[in-house]
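K.L.:
Quick one: structure below, then a few questions.
What follows is calculated from the coordinates using simple rules that are stated; it is not laboratory data. Note that this is a predicted model, so its numbers are computed, not measured. Cβ placement follows ideal geometry from the backbone for every residue including glycine, while neighbour counts extend to all protein chains displayed.
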Amino acid sequence: MSNSRIPAVLTGLGTCLPPRTVTNDDLAQRLETSHEWIHSRTGIAGRRVVDAGTGTAELAAAAGSAALESAGRSSCDLVIVATTTPDRACPATAPQVASAMGLPGAAAFDLSAVCSGFVYGLSVAAAMIGAGTFGSVLVIGAERYSAIVDPQDRGTAVIFGDGAGAVLLERGQESVGQGAVLHTELGSDGTGNELITVPPGERYLRMKGREVYTRAVPTMVESARRVAAAVGWQPEDIDAFVGHQANLRILESVAKRLGLPPERMITNIEEVGNTAAASIPLALASAADRGLLTPGDRVVLTAFGGGLTWGSAALLWPDLRPVHR
Ligand code: COA
């Protein structure tokens with residue numbers, strides 16, 4: 001992806017996490033596992049899970065509205081919902097989300113790139129703003145993995161959680177000012193499509209965790225290096241590395257291989273688990289709340305997931321306050 005002619009600037013950040021937490025000890029009551037095993041292998045202590053009746057669209061609309069509020073806006077031109085867990089196979093989730101948010105007539109579509117969905121969405125949004133097609137785009141990552149996780153499968157039930165995070169991108173003035181999305185890069189390898197899949201005709205997700213782990217680390221490192229190089233940064237210039245929150249050990253390995261000190265690696269996986277397309281905006285909001293991001297910081301977002309898909313974005317952190325619903 002090349003740099004856009006019209007700058008796309010991040011102006012709002014919103015989240016929605018379901019109130020109910022399922023702890024590792026809760027899972028250990030019905031699965032052969034333990035807090036010790038889960039925490040030491042993944043870094044996860046708890047994950048949020050929706051109650052029956054709450055769908056992906058509801059989470060997405062709440063996070064989207066929060067992002068608009070964070071930006072001080074009441075409307076936008078396009079809504080992109082990145083999700084692997086839509087409430088229905090047809091139609092797309094995004095039009096329903098736009099209506100629920102009170103955005104009559106807004107363009108709206110879903111994007112499916114599993115755990116890379118948010119970065120794919122950010123790239124599409126920045127390109128469309130760059131081309132002058134839209135002036136403002138809401139990119140929402142929203143997931144309800146509890147709908148597709150086999151409650152008896154300890155390999156996946158311990159990892160995934162529900163939630164949504166969203167950003168507003170708007171047409172900006174300065175291509176290298178605060179909030180500017182400087183560059184994105186995306187990739188895929190469909191030969192790995194069986195590693196994370198809901199097999200045809202089946203209800204539940206199946207994952208070859210060990211193989212995913214092995215492929216995630218070098219792919220994320222290369223993608224992060226490529227996006228940094230494209231904007232003229234050395235890996236050590238990165239002030240905050242926000243990787244997809246798949247597994248704490250994956251993030252630690254990636255940061256180490258990039259030569260980044262641990263404090264520049266952002267993580268919130270302990271509290272929310274792996275929320276797939278929602279993971280990066282949720283991690284950004286958590287970091288902003290904790291004061292770990294300063295306006296002007298050089299931030300790299302890197303995702304990897306089912307497909308296989310991956311992608312990175314380089315941006316300059318804006319001056320904003322996340323809103324939570
Ligand atoms: N509790 C206890 N034991 C478990 C377990 C659990 N929740 N899950 C698996 N095990 C057992 C396995 O059965 C296996 O036992 P065995 O040696 O007797 O056969 C042993 O632990 C090791 O299994 P393995 O799958 O090799 O473990 P791992 O160290 O690779 O950890 C994951 C498993 C899933 C945590 C890890 O592979 C992972 O995080 N992979 C990446 C997943 C990911 O990022 N997915 C999303 C991508 S977007």
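K.L.:
Considering only Q173, T11, V119, whose Cα is most displaced toward the positive end of the charge dipole of the chain, charges sitting on Cβ of Lys, Arg (+1) and Asp, Glu (-1)?
P.N.:
Going by the charge dipole, the pick is V119.
K.L.:
Here is a follow-up. Enumerate the amide H contacts of V198 below 5 Å, restricted to partners 5 or more residues apart or on another chain; note that Pro and chain-start residues carry no placed amide H.
P.N.:
When sequence neighbours closer than 5 places are left aside, the close amide H contacts are R206.
K.L.:
For segment 114-131 and segment 243-279, what is the centre-to-centre distance using only Cα atoms, to the nearest Å?
P.N.:
Here the answer is 21 Å between Cα centres.
K.L.:
Can you give the % of DSSP beta bridges in the chain that are antiparallel, to the nearest 5?
P.N.:
70
K.L.:
Below 11 angstrom from the Cβ of G273, what's the summed charge of the other residues (Lys, Arg +1; Asp, Glu -1)?
P.N.:
-2
K.L.:
Output ³J(HN,Hα) for segment 37-49: one whole-Hz value per residue in order, computed from phi by the Karplus curve 6.51 cos²θ - 1.76 cosθ + 1.60 with θ = phi - 60°, and x for Gly and Pro.
P.N.:
Couplings: 4, 5, 5, 6, 8, 10, x, 8, 10, x, 9, 8, 9 Hz.
K.L.:
Using θ = phi - 60° and the Karplus form 6.51 cos²θ - 1.76 cosθ + 1.60, what ³J(HN,Hα) does each residue of segment 98-104 get, whole Hz, x for Gly and Pro?
P.N.:
Each residue's phi maps through the Karplus curve to give 4, 5, 4, 7, x, 10, x Hz.
K.L.:
Something else now. Only Lys, Arg, Asp and Glu count, each charged at its Cβ (+1, +1, -1, -1), so figure out the dipole size of the chain about its Cα centre, rounded to 20 debye.
P.N.:
Charge dipole of the chain: 240 debye, to the nearest 20.
K.L.:
Further question on the same structure: Which length gain, in nm to one decimal place, applies between D25 and R5 when the Cα-Cα distance is subtracted from 0.36 nm times their residue separation?
P.N.:
Net length gain for the segment: 2.1 nm.
K.L.:
While we're looking at this one, here's another question. Under the 0.36 nm per residue contour assumption, what length would be gained going from the current alpha-carbon distance of I148 and R226 to full extension?
P.N.:
Computed gain between I148 and R226 is 24.8 nm.
K.L.:
Now for a different question. Work out, step by step, the length gained on full extension between S99 and R203: first 0.36 nm times the residue separation, then minus their alpha carbon distance; give nm to one decimal.
P.N.:
34.6 nm
K.L.:
Which one, I280, L315, N247, is farthest towards the positive end of the dipole of segment 181-320 when Lys and Arg carry +1 and Asp and Glu -1 on their Cβ?
P.N.:
Of the options given, the answer is N247.
K.L.:
Right, here's the next one. Ranked highest first by average number of other Cβ atoms within 10 Å, how do 20-31, 246-257, 301-312, 193-204 line up?
P.N.:
Going from most to least packed, we get 301-312, 246-257, 20-31, 193-204.
K.L.:
Using packing as a proxy for protection, rank 90-98, 119-127 so that the peptide with the highest average count of other Cβ atoms within 10 Å comes first.
P.N.:
119-127, 90-98
K.L.:
I would also like to ask the following. FRET efficiency for R88 and D319, Cβ-Cβ distance as r, R0 = 45 Å, nearest 0.05?
P.N.:
After rounding, the FRET efficiency stands at 0.70.
K.L.:
To the nearest 0.05, how large is the calculated FRET efficiency for E263 and D189 if R₀ is 25 Å and r is the Cβ-Cβ distance?
P.N.:
Computed FRET efficiency for E263 and D189 comes out at 0.20.
K.L.:
So how do 288-299, 76-87 stack up, highest first, on mean other-Cβ count within 10 Å?
P.N.:
Output ranking for 288-299, 76-87: 76-87, 288-299.
K.L.:
Can you work out the FRET efficiency for the pair D51 and E236, with r the C-beta to C-beta distance and R0 = 30 Å, to the nearest 0.05?
P.N.:
0.10
K.L.:
Please tell me the relative contact order of segment 262-325 in percent, rounded to the nearest whole number, where contacts are Cα pairs under 8 Å and at least six residues apart.
P.N.:
28
K.L.:
Tell me, what is the percent relative contact order of the chain, built from C-alpha pairs under 8 Å that lie six or more residues apart?
P.N.:
Relative CO of the chain lands at 27 percent.
K.L.:
Could you go through segment 247-256 in sequence order and give the Karplus-derived ³J(HN,Hα) for each residue, using 6.51 cos²θ - 1.76 cosθ + 1.60 with θ = phi - 60°, rounded to whole Hz, and x for Gly and Pro?
P.N.:
Karplus values, whole Hz, x for Gly and Pro: 6, 4, 5, 4, 4, 5, 5, 5, 4, 5.
K.L.:
Contact order normalised by length for segment 8-171, with contacts defined as Cα pairs under 8 Å and 6 or more residues apart; what percent is it?
P.N.:
In percent, rounded to a whole number, it is 34.
K.L.:
Let me ask something else about it. Rounded to the nearest 500 deg cm²/dmol, what is the calculated helix-only ellipticity per residue at 222 nm for the chain, with -39500 (n - 2.57) per DSSP H run of length n ≥ 4?
P.N.:
Helix-only estimate at 222 nm: -9500 deg cm²/dmol.
K.L.:
In terms of modelled amide H atoms, which long-range or inter-chain residues lie less than 5 Å from the amide H of H183?
P.N.:
Long-range HN contacts for H183: A314.
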